[in-house]
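The values are calculated or read from the model by the stated rules, or taken from the named source; none is laboratory data. Quick caveat: nothing in here was measured; it's all calculated off a predicted structure. Note: ideal-geometry Cβ built from the backbone for every residue, glycine included; neighbour counts use all protein chains shown. Just so you know, the surface numbers come from the protein's heavy atoms only, side chains and all, with ligands and any DNA or RNA stripped out. Shrake-Rupley method; radii C 1.70, N 1.55, O 1.52, S 1.80 Å.
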Amino acid sequence: MPGGPVDYLRAQMAQEVQTGEETVDPAQVNALVETYTNVSPDEPIWEQYISYMTSVFTGDFGVSIWYQMPVADIIAAAIPWTVFIMSASLFLGFFIGIVLGALMAYYEASRFDVSSTLISILLNSIPFYVAAIVLLYVFAYQLSLFPTGGRVDPDTVRGLNLSFFLGVLHHAILPIVSMVITGFGGVAVAMRGNSIQILGADYLHAARLRGLSERRLALQYVGRNAVLPMYTTFMISIGTVFGGSIILEEIFTYPGVGWYLFRSIGARDYPLMMGGFILITVAVVIGIYIADLTYGKIDPRAGSGGEEREAY
């Protein structure tokens, strides 16, 4: 993109002095850039990189050019709201998808299975931002059942009280629903395929011959083994909640991490932009790392291969 924080600062300062031209002292601009980003524009690139990363590891991401506030404070205040709507969407989508997929497999080839599969595939093919726009237009602008933006009503007293909780939930319903209705279909189809594969396994037939109840078979044999292959996808999805919130929060004017990141891109606010990108990167890496560490604990078969080969 053309321009950058220096050009933005020059334009802002030129407008303040009402010159209409960029006749601002370069030393003054460089001093402001150094204040905002913790690096000096006169330093070589590698020194700027070391200076910036040193500040990042101490929790200092610089100062936002647009908001003129520490980036760490902006992100810290926005994280709980993004985590709330994206985590609720993720958990609800996976829960609905797993339950529906298990039922589809249990009633395989029935009218319920065929219709549920078609609906799941159709909804999964719709981008979440399209569903978000439709829900916002119908339920917020046309029917006025939900607010068109914000995290909570300005007149609501913030704190641990029922009115604040209901206000937060009222503002978050549409963003959550738009993610759930477009996300559970893929989980349901995947769960259906895994369950059908397990239903035809030899060990399941052996368990039936042993006289085990259908409930135990469904929970301990079919459900558990069908969910295991989806665990890694679930953990990676947890790590990507911040990245997926950018468009969603902009549509619903929901001031979370994604909303601030979208604003920083338009304003060329590099400190805030970099803070958001680093947060997304760290969250994804942590999600994948946790999935890698815990998958062997959840599914002992995934961690037994190396021991068997070593013993052999």
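Key figures for this structure:
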{"quantity": "Among the residues listed as Gly167, Gly159, the single one being in a loop (DSSP other than H, G, I, E, B), open to solvent by less than 50 Å² (accessible area, probe 1.4 Å) and farther than 30 Å from Tyr270 by Cβ", "calculated": "Gly159"}
{"quantity": "The range 91-130, residues that are over 27 Å from Leu217 (Cα atoms) and within 13 Å of the chain's Cα centre (by Cα)", "calculated": "Phe128"}
{"quantity": "Among (1) among the basic types (Lys, Arg); (2) crowded, with 19+ Cβ neighbours inside 10 Å; (3) out of contact with any helix residue (DSSP H, G or I) (no Cβ under 8 Å at 6 or more places or on another chain) - the single one Arg210 does not satisfy", "calculated": "(2)"}
{"quantity": "Those residues of the range 105-124 which are closer than 30 Å to Gly244 by Cα and open to solvent by 80 Å² or more (accessible area, probe 1.4 Å), in sequence order", "calculated": "Leu118, Ile119, Ile121, Leu122"}
{"quantity": "Close pairs from the range 131-159: first touching a residue at least 24 places away in the same chain (Cβ under 8 Å), partner small (Gly, Ala, Ser) and open to solvent by less than 70 Å² (accessible area, probe 1.4 Å), Cβ under 7 Å, at least 6 apart", "calculated": "Ala131/Ser178; Ala132/Ser178; Leu135/Ser178; Phe146/Ala140; Pro147/Ala140; Thr148/Ala140"}
{"quantity": "Single condition Asp73 does not satisfy, out of (1) of a type in the set (Asp, Glu); (2) open to solvent by 30 Å² or more (accessible area, probe 1.4 Å); (3) within 30 Å of Ile196 (Cβ to Cβ)", "calculated": "(3)"}
{"quantity": "Residues that are open to solvent by 20 Å² or more (accessible area, probe 1.4 Å), in contact with a Gly (Cβ under 6 Å, 6 or more places away or on another chain) and of a type in the set (A, V, I, L, M, F, W, C), drawn from the range 170-186", "calculated": "Phe184"}
{"quantity": "Qualifying residue in the range 121-134 (condition: part of a loop (DSSP other than H, G, I, E, B) and out of contact with any helix residue (DSSP H, G or I) (no Cβ under 9 Å at 6 or more places or on another chain))", "calculated": "no"}
{"quantity": "Qualifying positions in the range 152-200 - more than 24 Å from the chain's Cα centre (by Cα), closer than 26 Å to Phe234 by Cβ and not charged (D, E, K, R)", "calculated": "Gly193, Asn194, Ser195, Ile196, Gln197, Ile198, Leu199, Gly200"}
{"quantity": "Criterion (part of a helix (DSSP H, G or I) and out of contact with any Gly (no Cβ under 7 Å at 6 or more places or on another chain)) met by exactly one of Thr117, Thr148", "calculated": "Thr117"}
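For every residue, the table says whether it meets (1) on the phi > 0 side of the Ramachandran plot; (2) exposed (fewer than 13 other Cβ atoms within 10 Å of the Cβ); (3) at pLDDT 90 or above; (4) not in a loop (DSSP other than H, G, I, E, B).
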{"site": "Arg10", "(1), (2), (3), (4)": "no, no, no, yes"}
{"site": "Met13", "(1), (2), (3), (4)": "no, no, no, yes"}
{"site": "Gln48", "(1), (2), (3), (4)": "no, no, no, yes"}
{"site": "Val56", "(1), (2), (3), (4)": "no, no, no, yes"}
{"site": "Ile65", "(1), (2), (3), (4)": "no, no, no, no"}
{"site": "Ala88", "(1), (2), (3), (4)": "no, no, yes, yes"}
